[in-house]
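These notes concern the structure reproduced below.
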């Protein structure tokens with residue numbers, strides 16, 4: 001798409017699309033920004049709960065771009081990733097997985113499994129008793145059929161729509177926090193905006209600067225939702241905040257009263 005628009009315009013035009021390789025005007029940290037943004041949100045959530053990294057267990061459904069990077073980031077930060085899965089099944093170790101070894105095995109064999117006889121199913125992973133469950137692969141994974149068997153204390157939606165509306169209500173009734181995709185996985189879109197901004201200005205940031213800006217925005221977004229939350233779910237609070245911002249802008253334009 002970049003090549004085509006530049007052919008049409010007859011000049012370099014990097015801001016037309018994001019997610020580009022760095023030599024073509026891409027941004028540092030873009031490849032793992034979705035995972036990193038979600039990690040910042042989880043970190044802030046757990047900090048408010050008084051949970052230390054070494055005391056926190058995490059199960060991740062998905063070992064692709066989002067799940068794999070999330071596992072690596074969380075593990076390096078001292079969190080205990082006890083389970084991770086791909087399409088072949090899930091691997092589990094209550095004492096914590098060696099994530100680098102798991103991801104290297106995934107790279108070489110296309111599977112996270114070390115021994116197939118010891119594997120869990122993806123459905124079983126979702127029902128593990130952990131502090132944070134991270135569905136990072138497919139939509140509609142937690143439904144009215146399995147919501148009553150979810151044991152995680154909180155769910156961080158890194159996939160798009162992994163929890164159905166029916167399950168959302170059931171989980172809320174059980175006081176299981178669901179940090180919604182609209183907030184949790186926004187880091188990739190945010191760094192795409194950073195890439196666009198850098199392209200427009202012709203000035204490129206170092207990786208540390210990108211991460212600093214990403215953390216600042218993600219933590220602020222989380223805290224803005226917390227202020228709105230009160231007795232609401234995280235998802236409802238996030239939607240209310242978004243709609244209020246749109247309405248304020250439309251009122252300032254004179255389009256609504």
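Just so it is clear, none of the values below were taken in a lab; they were calculated from the coordinates. Just so it is clear, the model here is predicted, and its values are computed rather than measured. Because the Cβ atoms are built from the backbone with ideal geometry, glycine has one as well, and the counts that use them run over all protein chains shown.
Values for this structure:
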| item | result |
| --- | --- |
| Cα-only radius of gyration and Dmax that characterise segment 32-184, units Å | 14.1, 43 |
| Candidates 16, 219, 134, ranked by Gaussian network fluctuation over the chain, Cα under 10 Å, top entry | 16 |
| Counting DSSP beta bridges with both ends in segment 39-155, the antiparallel % (nearest 5) | 30 percent |
| Full-stretch length increase - residue 114, residue 9 - with 0.36 nm per residue and alpha-carbon distance subtracted | 32.7 nm |
| Label point distance in nm, residue 144-residue 249, each placed 7 Å from Cα along Cα→Cβ | 3.5 nm |
| Two-site FRET efficiency, residue 55 against residue 201, from Cβ-Cβ distance with R₀ of 45 Å, rounded to 0.05 | 0.60 |
| Förster-model FRET efficiency, 25 Å R0, residue 47 and residue 169, C-beta, rounded to 0.05 | 0.35 |
| Sequence of 60, 176, 226, 246 once ranked by neighbouring C-beta atoms within 10 Å, starting from the fewest | 246, 226, 176, 60 |
| Residue among 109, 121, 31 with the largest mean-square fluctuation in a Gaussian network model of the chain, springs linking Cα atoms under 10 Å | 109 |
| Likely footprinting exposure, 217, 12, fewest C-beta neighbours within 10 Å first | 12, 217 |
| FRET efficiency, 1/(1 + (r/R0)^6) with R0 22 Å, evaluated for residue 121 and residue 151 via beta carbons | 0.90 |
| Zone of residue 208's modelled label, taken as backbone nitrogen in segment 48-84 under 19 Å from a point 7 Å along Cα→Cβ | 77 |
| Residue order, fewest to most beta carbons within 10 Å, for 194, 70, 13, 39 | 13, 194, 39, 70 |
| Candidates 25, 62, 50: whichever shows maximal mean-square fluctuation once the chain is modelled as a Gaussian network with Cα springs under 10 Å | 50 |
| Three-way shape call for segment 1-97 based on the alpha-carbon gyration tensor, with the a/c threshold at 1.5 | prolate |
| Net lengthening on full extension, residue 216/residue 88 (0.36 nm per residue, minus Cα-Cα) | 42.4 nm |
| Span from the segment 63-100 Cα centroid across to the segment 203-218 one, whole angstrom | 25 Å |
| Over the chain, relative contact order from alpha-carbon pairs under 8 Å, at least 6 apart, % | 20 percent |
| Relative contact order [Cα under 8 Å, 6+ residues apart], segment 32-184, whole percent | 21 percent |
| Spatial extent of the chain: Rg and Dmax, with the Cα atoms as the point set, Å | 19.7, 64 |
